[in-house]
Amino acid sequence: MRVASISEVLNLSRKTSLDEFIEKVKPIVNAVRERGDEALIEFTEKFDGVKLESIQVAEEEVEEAYEVVDDGLIDALETAKENIEKFHFITAPQEIFVDFDFAVLGKRYVPLESAGLYVPGGRASYPSTALMAGIPAKIAGVSRIVVCTPPAEDGRVNPVTLVACDLAGVHEIYKVGGAQAIAAMAYGTETVRPVLKIAGPGNVYVTAAKILVSKDVAVDMPAGPSEVLIIADESADAEIIALDCLAQLEHDPMAVAVVLTTSEKLAGKVLEAVEKYRRHPENFKVALVSSIDEAIEVSNSFAPEHLELVFEDADKAISKIKNAGSVFVGELSGVAFGDYASGTNHVLPTAGYAKMYSGLSVDSFVKSITFQQLRETGVRMLGEKVVRIATAEGLRYHALSVERRLEKLEEVKK
């Protein structure tokens, strides 16, 4: 392996065209929309090798999960839950109530009535995603939280995932994955009722399906393969940097890991350390930069899902970060902590979408409604100005509606 150029690094951040995958998932989405449960059972057998006897997870299966999952693991999930709850509760949007002289104005937040969460599964289990997606929805006050997750070869959902769903407050769990799960949550079947918004990570087919159904149901964000970008100086530990890169690369064959460093010596050590564990990993680059400021500039252009700042006085550089899903400051702050238990969210924008999207949060599951209550002083102060603007726009009745209020105030005054 060799040191890469900055252009090679930036090429890794280019958005993968989803047109090809959208065309592939269209027949699946349409089939579920038209044939409901029958299509879900058919595609689950085709793609997951499982002939489903029931689509929904029964309450008994959740109860049994607690009996087979190790107590220490349940304790770890509960700790993660507690931290995720604390962070998301504190950072949840709060009602705004402003008393001006002329009016009372405000903004309140209303939870969505339903949300569908995609939790990857099948051969692996991702209980952390159940917590990351379910807890913000619960704190938001969503009255119906649905999870779709692929079944294992035995036709059951991994018990650790079931425990996590229960801890997160999920109301319904379905043994369905892939594009067919997204279609079920978007349009409904005989068993799965449709939801108002779909959130959660997934492979390229899940992402393509989310984009396809987004004209009919809200989705959290488009996303691609997972990624990390690490900015480091000579003070960084090459072994830790290498392991953080490898941790990201083990998510997916298309996952991306990048190191930008001011130190040629560190660059060499990181390359050696990575190759020691995994020879010639794909989508892994180490590049030299002239300064930390240049590295930050490149990072802002890349807009990584995860950004690690491992250099002296890294905390003073946070304000310079414009585009990132989540930032990890200092050597101790590995991405794995954020992935599981520190409290922030791991459902984040990838593939450059951090330039325009935020990670999953309570905000993702609420909508805002503004309100206002004008006083007499407000009507008198704004009335003539509103009439002028409405008249300029040619909206006669807008103007008359305000003029009548002004007249009425004058009548009362007499």
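The values are calculated or read from the model by the stated rules, or taken from the named source; none is laboratory data. All figures in this text were calculated on a predicted structure; none of them were measured in a lab. Don't worry about glycine lacking a Cβ; one is built from the backbone with ideal geometry, like all the others, and counts go over all protein chains shown.
Things to note:
- Output for segment 198-218, where each listed residue is surrounded by fewer than 20 Cβ atoms within 10 Å (Cβ to Cβ) and outside any helix (DSSP H, G or I): Asn203, Ser214, Lys215, Asp216, Val217, Ala218
- Highlighted here are the strands (runs of 3 or more DSSP E) found entirely within segment 298-383 that include at least 1 residues which are closer than 19 Å to Thr91 by Cα and in contact (Cβ under 8 Å) with a residue 12 or more places away in the chain: 326-329, 366-374.
- Here Ile90, Ile145, Ile96 are screened, and the one residue that is surrounded by 15 or more Cβ atoms within 10 Å (Cβ to Cβ), modelled with pLDDT of 95 or more and not basic (Lys, Arg) is Ile145.
- Every listed requirement among (1) surrounded by 12 or more Cβ atoms within 10 Å (Cβ to Cβ); (2) under 27 Å from the mean Cα position of the chain (by Cα); (3) part of a helix (DSSP H, G or I) is met by Glu38 save one, (2).
Yes or no, residue by residue, for (1) out of contact with any helix residue (DSSP H, G or I) (no Cβ under 8 Å at 6 or more places or on another chain); (2) more than 27 Å from Ser128 (Cα to Cα); (3) not in a helix (DSSP H, G or I):
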site: Ser7; (1), (2), (3): yes, yes, no
site: Glu20; (1), (2), (3): yes, yes, no
site: Phe43; (1), (2), (3): no, no, no
site: Ser54; (1), (2), (3): yes, no, yes
site: Glu64; (1), (2), (3): no, no, no
site: Asn83; (1), (2), (3): yes, no, no
site: Pro93; (1), (2), (3): no, no, yes
site: Phe97; (1), (2), (3): yes, yes, yes
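- Residue check, Asp244 under 30 Å from Val29 (Cα atoms) and not in a strand (DSSP E or B): no
- Hey, Val195 in contact with a helix residue (DSSP H, G or I) (Cβ under 8 Å, 6 or more places away or on another chain), part of a loop (DSSP other than H, G, I, E, B) and touching a residue at least 24 places away in the same chain (Cβ under 8 Å) or not: yes
- The set of residues from segment 264-323 being over 16 Å from Val228 (Cβ atoms) and acidic (Asp, Glu) comprises Glu264, Glu272, Glu275, Asp293, Glu294, Glu297, Glu312, Asp313, Asp315.
- Of the candidates Val50, Val29, the single residue that is more than 28 Å from the chain's Cα centre (by Cα), surrounded by 14 or more Cβ atoms within 10 Å (Cβ to Cβ), within 28 Å of Ala183 (Cα to Cα) and touching a residue at least 60 places away in the same chain (Cβ under 8 Å) is Val50.
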